[in-house]
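**Q** Sending over a structure as structure tokens; questions will come in a sec.
Rule-based calculations on the coordinates, nothing more; no lab input. Remember, it's a predicted structure, so these values are computed and weren't measured experimentally. Neighbour counts are summed over all protein chains in view; Cβ atoms, including those assigned to glycine, are modelled from backbone coordinates with ideal geometry.
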Amino acid sequence: MSKVAIVTGGTRGIGAAISLSLKEAGYTVAATYAGNDAAAAKFKEATGIAVYKWDVGDFDACATGVAQVAEDMGNVDILVNNAGITRDTSFGRMTKDMWDAVMDTNLTSNFNMCKAVFDAMRANGYGRIVCISSINGQKGQMGQVNYSAAKAGTFGFVKALAQEGARFGITVNAIAPGYIATEMVKAVPQDIVDKIIKGIPLRRLGEAEEVAKATAYLVSDDAGFITGSTLTINGGQYMV
């Protein structure tokens, strides 16, 4: 029986690429989404991957959603926390609602989702958790105090949980993508994209599939000795 994987925010962008990569690797995949029913339906039809709708910032919704996936597919062996949003503006204009929305979806979701799967992973003596962070959580980004804080917090979350999970056969790692050629980035004015690319030593945007393949490796048995680590995929834009 194939291992079961949940990918949050798994029907669009980087998440969709991860969902597809894990399916191609032989996993049974459940892709979650928050609100775009049309995109989720199109993704399901195109890939055959099951989709589930819930808000990863809602603790109870995560518990209920994971329980449903487990009932439908079996215990969850792999969790990829990919769901994320932006509410960018200068700090002077940033509202409490903008801060809360980003923190709930980008950071608190890690707790919500991991809490929902951790006990079963521990009982099974096996688990793979990957949290998708960002280059802007490593270096900070003007106009993204909320986003940078949430993504930076993800690194601490991963390092701490990795230490708790290790003795139960659970690995916990992070991936920090740089600028990837997703719909969101492509929507940025071309002159801004050109400036971004000039700051990347490899002189191009990354591809979602590159992040997806790295994720597939981290959840594989071949990566069993890697935990508490951050894999940066940014074309050399920020080296740590």
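**Q** Could you check the simple spin-label distance between Asp119 and Lys42, using points 7 Å along Cα→Cβ, in nm with one decimal?
**A** The two pseudo-label positions are separated by 3.9 nm.
**Q** From the cross-link list Lys151/Lys186; Lys159/Lys213; Lys23/Lys198; Lys42/Lys151, which pairs have alpha carbons spaced over 27 Å apart?
**A** Details: Lys151/Lys186 21 Å; Lys159/Lys213 22 Å; Lys23/Lys198 35 Å; Lys42/Lys151 29 Å.
Checking Cα-Cα distances, Lys23/Lys198; Lys42/Lys151 exceed 27 Å.
**Q** For the chain, modelled as a GNM with alpha-carbon contacts under 10 angstrom, which of Asn36, Asn81, Asn173 fluctuates the most?
**A** Evaluated over the chain, the most mobile residue of the options is Asn36.
**Q** Still on this structure, please answer the following. Hydropathy first: keep DSSP H helices in the chain averaging at least 0.0 on Kyte-Doolittle, then drop any whose Cα extent along the axis falls short of 18 Å, and list what survives. Numbers along the way, then the final one.
**A** Numbers: long enough: 59-73 (21 Å, 0.51); 109-124 (23 Å, -0.11); 145-165 (30 Å, 0.21).
Going by DSSP H runs, the hits are 59-73, 145-165.
**Q** While we're here: Would you calculate a helix-derived [θ] at 222 nm for the chain, using -39,500 (n - 2.57) for each DSSP H run of n ≥ 4 and dividing by the full residue count, to the nearest 500? Before the final figure, lay out the partial values.
**A** Details: 10 runs with 112 residues, N = 240.
Taken over the chain, the calculation gives -14000 deg cm²/dmol.
**Q** Also, I was wondering about something else. Which of the listed residues, Gln163, Ile135, Ala116, is farthest toward the dipole's positive end in the stretch 64-173, when Lys, Arg count +1 and Asp, Glu count -1 at the beta-carbon?
**A** Farthest towards the positive pole: Ile135.
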